[in-house]
Amino acid sequence: QVQLVESGGDLVQAGGSLRLSCAASGSAFRFNPMGWYRQAPGKQREWVASISVGALTNYVDSVRERFTISRDNAKNTVYLQMNSLKPEDTAVYYCNLVPAMRIYWGQGTQVTVSS
């Protein structure tokens, strides 16, 4: 069974950067595509980025060229490097498998971008 714990969220000014981490327990992590998702206040949770087992990546258009997803299978960790942050990036960020599975939603990590 996989457990996922997100960290790295913070309050930053527009134009700033953050690096989120998602630590996974359980060996199944390295055999699954992983993704980052986010939920802004009053909105539904949305997919942000994903990375395959072979490190192929994909992004929602609104973050392409600004965010970079990566994974370190030896550390069972997925990262999301976020640059040029905008106020509209404010949300709780979660990691999960792709496709997401309900049992793996964690607490998330809060990212707040001030203008």
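The values are calculated or read from the model by the stated rules, or taken from the named source; none is laboratory data. None of the values given here were measured: they were computed from a predicted structure. Virtual Cβ from ideal backbone geometry, glycine too; neighbours counted across all protein chains shown. Heavy atoms of the whole protein, side chains included, go into the accessibility calculation; ligands, DNA and RNA do not. Shrake-Rupley method; radii C 1.70, N 1.55, O 1.52, S 1.80 Å.
Between amide H atoms placed 1.01 Å from N, distances below 5 Å from residue 9 occur with 110, all of them 5 or more places distant or on a separate chain. Between residue 115 and residue 57, the C-beta separation translates, for a Förster distance of 30 Å, into a calculated FRET efficiency of about 0.60. For the stretch 18-115, the set of chymotrypsin sites (Phe, Trp or Tyr not before Pro) satisfying both a DSSP loop assignment and a count of at most 13 other C-beta atoms within 10 Å is empty. Over the stretch 1-46, accessible surface divided per residue gives 58 Å², non-protein components excluded, 1.4 Å probe. Note on residue 86 and residue 10: the extension gain reaches 26.0 nm, defined as 0.36 nm multiplied by sequence separation minus the Cα-Cα distance.
In this simple spin-label model, placing a label point 7 Å from the Cα along the Cα-to-Cβ direction at both residue 101 and residue 17 gives a separation of 3.4 nm.
What's the longest bit of the chain with no exposed trypsin sites (Lys or Arg not before Pro), using DSSP loop states and at most 14 other Cβ atoms within 10 Å as the test? The segment 1-42 is the longest one with no such site. Treat the stretch 19-115 as a sphere of radius equal to its Kirkwood radius over Cα pairs and apply Stokes-Einstein at 4 °C in a medium of 1.567 mPa s; give the translational diffusion coefficient in µm²/s, rounded to a whole number. Calculated translational D: 96 µm²/s.
Spin-label model, residue 70/residue 43: points 7 Å from Cα along the beta carbon direction are separated by 2.6 nm.
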